[in-house]
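S.K.: My questions will all concern the structure given below.
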Amino acid sequence: MENINPSQTNSINIEEEMKSSYLDYAMSVIIGRALPDVRDGLKPVHRRVLYAMSELNNVYNKPHKKSARIVGEVIGKYHPHGDSAVYDTIVRLAQDFSMRVPLVDGQGNFGSIDGDSPAAMRYTEVRMSRVAGELLTDLDKDTVDFQPNYDDSLSEPVVLPTRVPNLLVNGTSGIAVGMATNIPPHNLGEVIDALLLMLENPSVSLPELMEVMPGPDFPTAGMICGNSGIVQAYDSGRGVIRIRAKLRVEPVGKDREALIVEELPYQVNKARLIVNIAKLVNDKKITGISDLRDESSREGIRIVIELKRGESSEVVENNLYKMTAMQTSFGINLLAIVDGQPKVMSLSEILSHFIAHRREVIRRRTVFELAKAERRAHILEGLKVALDNLDKVISLIRGSSSPGDAKEALITALEFTEVQAQAILEMRLQRLTALERDKILEEYREILKLIESLKEILDSEQVLKEVIKSELEEIRNSYATERLSEIREWMGDFMMEDLIPEEQVVITATRNRFIKRTSLDEYRSQARGGKGRRGMTTRTEEDAIEYLFTASTHSYLLVFTNKGRMYWLKVYKIPSVGAAGKGRSIVNLLNLAEDELVADLLAVSDFDPESFVVTVSRKGYIKKTGLEAFSRPRTSGIIACAVDEGDDLLRVELTGGESDIILCTLKGKAIRFSESDIRAMGRTARGVKGISLRKGDELVSMCVTGQDQADLLSVTEHGYGKRTDLDAFRSQRRGGQGVINISTSERNGNCVANVLTEDGDEIILITEKGKIIRIDTGTIRRTASRSAQGVKLIGVDSDDRVADLSLIEPEEVVDGNEEEI
């Protein structure tokens with residue numbers, strides 16, 4: 001090994017060297033691999049594939065050639081990278097579900113929307129599609145610059161002289177170094193209409209452009225939701241659009257439906273989507289689907305999603321959009337190479353660059369054709385002179401000893417140029433006939449007209465613009481197709497209510513704070529006095545049902561605790577459990593304090609400023625507060641009312657401000673007074689006295705009534721109850737002791753619940769042991785006496801007692817099919 005002479009070495013800064021080398025690498029990836037040129041919309045590998053196919057005459061009206069041959073041509077001459085990368089490019093250019101206008105006509109297996117791999121390149125055959133030929137039209141007329149290939153042995157075009165606005169029509173995606181492009185495909189006819197509009201008015205506004213080019217148009221169709229993301233992308237170069245699968249509802253049998261998926265979002269794998277839906281159904285994250293199958297064929301996509309009987313197709317559809325790739329987001333990034341530099345552009349800029357490219361291509365083509373026409377005119381002019389002096393020309397040629405002497409003689413005698421003299425010498429004798437002489441003269445006249453028109457194109461910007469316009473119109477008329485993707489108004493992101501079917505449910509809660517919701521259909525109406533059916537299993541012997549309530553799954557559930565605090569909960573967030581299920585601890589749903597118990601629940605659909613929340617405590621204190629004051633709760637709860645030591649918040653009701661209020665006690669007393677006796681107070685107030693209680697008595701119910709006639713239904717702990725006309729309860733001032741409502745004899749036990757009802761209503765009774773019965777209130781006899789004992793409503797065991805009841809409005813009644821127990 002030779003000794004290194006330090007004087008012959010150069011010191012470099014490693015930081016600067018790494019920076020320089022990395023920048024060279026980055027620019028190589030950006031310019032030479034990952035990003036398309038704004039003019040022809042092609043990356044280098046796409047351009048080289050099409051150029052190689054053109055050089056092999058592998059065009060649309062010639063036989064297909066093996067893909068392997070094209071791949072070899074490309075990597076051997078122009079793209080010295082992996083053969084798989086080149087073949088993958090050819091495959092994508094041939095896929096009608098990837099390209100809006102495929103540039104390669106493939107024969108064989110080129111993959112599928114299910115993600116199937118294409119056949120090996122030795123099995124498939126390709127040729128350029130007809131529209132791909134429009135990208136290379138006039139390539140041989142010096143319309144674009146050429147550059148040396150990787151080993152300087154050949155040359156390749158820097159850009160193609162495309163007539164098709166390919167960047168927007170087929171879109172592209174690519175990841176470079178520190179940047180990425182993602183341009184969606186568009187409809188060819190719409191893009192050309194936008195170009196024509198810009199040709200007429202270069203300062204055309206974006207709204208005007210979007211009238212003819214409203215947005216992307218994907219090869220897999222689908223629905224684009226809203227245009228705000230499109231507007232943002234077209235204006236700034238970046239934006240996000242949402243794409244949905246297109247579904248329709250199809251009846252299956254008499255009372256069932258199926259969702260038929262006919263179009264998918266762009267680049268969604270159909271097979272993977274179906275597997276994902278099946279997994280969500282198995283995991284019970286999507287309910288209501290009974291069968292799922294793929295019936296797609298050559299005619300198009302058809303995924304059949306059969307629904308269970310009675311399921312809402314809208315809810316299942318929204319769940320599919322929410323949880324699967326049936327709704328996707330496409331991030332638009334209009335990034336391309338402009339003058340050798342990557343640039344994010346608006347729609348107007350991209351259209352302007354393409355028009356500028358077409359202007360340059362046509363100008364260079366015109367210069368090329370003009371030079372060619374002038375050369376031909378020069379020759380024809382010489383032939384014309386020769387025909388006019390035919391005898392002399394023949395004499396000069398016959399008298400010459402060689403072709404060179406003959407050429408020299410023609411140049412000297414008749415002042416022909418060397419080119420003209422050579423053309424005369426090469427002219428066939430048949431051109432000397434009268435007919436052929438006329439053809440030469442006609443060609444000369446035509447060539448002069450052509451020269452004039454070509455010069456006009458070069459001299460007039462308006463004429464050049466008309467040429468661009470006519471060629472664009474020709475492309476549109478030849479290749480434009482109908483729009484595939486539908487653009488619909490976007491209604492906003494999903495609310496959870498969109499994914500939950502609206503139905504009436506029964507909410508039950510126990511003393512130990514277990515809560516659940518059950519569909520009202522679980523309970524059918526029975527005759528009074530029946531044994532009922534199993535309604536809820538309690539966790540321990542000490543636990544008991546304390547609360548029963550009906551509400552819509554879309555309602556807000558205001559949860560009031562015995563300590564006077566209020567928590568906010570959506571009904572659908574309460575776990576759905578079967579009629580005999582145990583439910584879930586409410587502490588898992590709300591941040592309750594350790595000593596807090598649920599006192600009452602209030603279901604509201606909105607926070608009407610004209611409505612009031614009336615609360616009452618066990619010791620008889622009552623308060624009225626505007627409903628709006630409860631519309632902004634915190635996760636830790638808010639104060640609903642002040643509660644004295646030793647007292648508890650008992651019941652809560654929603655009123656309109658002009659109702660009558662009836663308070664009922666454990667010992668069977670009741671008082672009726674006008675709501676106007678209570679002034680509206682803030683949330684933190686304790687309230688005023690509603691009823692004066694004797695020792696050992698406490699409040700158990702609060703009922704709110706208007707001016708309509710109704711009955712007060714009172715139920716005792718031993719399962720007895722009665723209906724009493726409201727007229728039997730005179731209105732008095734609040735704070736009094738009230739009157740007798742129901743006898744609390746040894747047979748009846750204490751009064752545990754009261755509700756206002758009328759004919760046609762139904763009630764649900766539940767016992768502490770979880771037994772439930774549903775009764776038509778019309779079967780309960782109305783009594784004239786306030787002190788009557790009533791009739792038996794439910795059979796209660798000796799170790800059980802009635803815990804609560806809930807009123808079911810007539811529109812909530814649905815026939816069930818459950819068995820009695």
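The values are calculated or read from the model by the stated rules, or taken from the named source; none is laboratory data. Predicted model only: the values in this text are computed from it and were never measured. Heads up, the Cβs are rebuilt from the backbone with ideal geometry, glycines too, and the neighbour counts pull from every protein chain shown. Surface accessibility is based on the protein's heavy atoms, side chains included, excluding ligands, DNA and RNA. Shrake-Rupley method; radii C 1.70, N 1.55, O 1.52, S 1.80 Å.
S.K.: Specify which of the listed residues (Glu645, Glu628) is without any contact (Cβ under 8 Å) to a residue 60 or more places away in the chain and either part of a loop (DSSP other than H, G, I, E, B) or over 47 Å from the mean Cα position of the chain (by Cα) (or both).
M.R.: Glu645
S.K.: Looking only at the range 672-688, decide whether some residue is open to solvent by less than 10 Å² (accessible area, probe 1.4 Å), closer than 20 Å to Ala753 by Cβ and at pLDDT 90 or above.
M.R.: no
S.K.: Related question: From Ile451, Ile424, which residue is at pLDDT below 90, more than 51 Å from the chain's Cα centre (by Cα) and under 16 Å from Arg376 (Cβ atoms)?
M.R.: Residue meeting the stated conditions: Ile424.
S.K.: Yes or no: the range 199-206 includes at least one residue that is in contact with a strand residue (DSSP E or B) (Cβ under 9 Å, 6 or more places away or on another chain), open to solvent by 10 Å² or more (accessible area, probe 1.4 Å), of a type in the set (Ser, Thr, Tyr) and more than 14 Å from Val169 (Cα to Cα).
M.R.: No, the conditions are met nowhere in the range 199-206.
S.K.: Starting from the range 419-440, keep only residues that are touching a residue at least 40 places away in the same chain (Cβ under 8 Å), then list their pairs with residues that are of a type in the set (Lys, Arg) whose Cβ atoms are within a distance under 7 Å, requiring at least 6 positions of separation or different chains.
M.R.: Ile440/Lys384; Ile440/Arg431
S.K.: Looking only at strands (runs of 3 or more DSSP E) that lie completely in the range 213-300, which have at least 2 residues being surrounded by 15 or more Cβ atoms within 10 Å (Cβ to Cβ) and under 18 Å from the mean Cα position of the chain (by Cα)?
M.R.: Correct list: 223-225, 238-244, 246-252, 256-263.
S.K.: Would you pick out the residues in the range 452-487 that are touching a Pro at 6+ places or on another chain (Cβ under 9 Å), part of a loop (DSSP other than H, G, I, E, B) and open to solvent by 50 Å² or more (accessible area, probe 1.4 Å)?
M.R.: If the condition is that a residue be touching a Pro at 6+ places or on another chain (Cβ under 9 Å), part of a loop (DSSP other than H, G, I, E, B) and open to solvent by 50 Å² or more (accessible area, probe 1.4 Å), then Arg483, Leu484 are the ones that fit.
S.K.: State all residues of the range 771-781 that are surrounded by fewer than 23 Cβ atoms within 10 Å (Cβ to Cβ) and either touching a residue at least 40 places away in the same chain (Cβ under 8 Å) or part of a strand (DSSP E or B) (or both); if no residue qualifies, say none.
M.R.: Scanning the range 771-781 gives Asp776, Thr777, Thr779, Ile780, Arg781.
S.K.: For the range 37-89, how many residues are assigned to a loop (DSSP other than H, G, I, E, B) and either within 16 Å of Asn149 (Cα to Cα) or not β-branched (Val, Ile, Thr) (or both)?
M.R.: So the answer is 18.
S.K.: Tally up the residues in the range 100-116 that are over 21 Å from the mean Cα position of the chain (by Cα) and under 23 Å from Gly215 (Cα atoms), please.
M.R.: Looking only at that region, the number is 3.
S.K.: It is to be established whether one or more residues within the range 689-712 are among the hydrophobic types (A, V, I, L, M, F, W, C), more than 28 Å from Leu569 (Cα to Cα) and part of a strand (DSSP E or B).
M.R.: There is at least one residue in the range 689-712 that is among the hydrophobic types (A, V, I, L, M, F, W, C), more than 28 Å from Leu569 (Cα to Cα) and part of a strand (DSSP E or B).
S.K.: Kindly indicate which of Leu347, Leu320, Leu351 is closer than 30 Å to Val261 by Cβ, open to solvent by less than 10 Å² (accessible area, probe 1.4 Å) and touching a residue at least 12 places away in the same chain (Cβ under 8 Å).
M.R.: Leu320
S.K.: Taking Glu758 as meeting all but one of (1) open to solvent by 20 Å² or more (accessible area, probe 1.4 Å); (2) farther than 18 Å from Val796 by Cα; (3) at pLDDT 90 or above, write down the number of the exception.
M.R.: (3)
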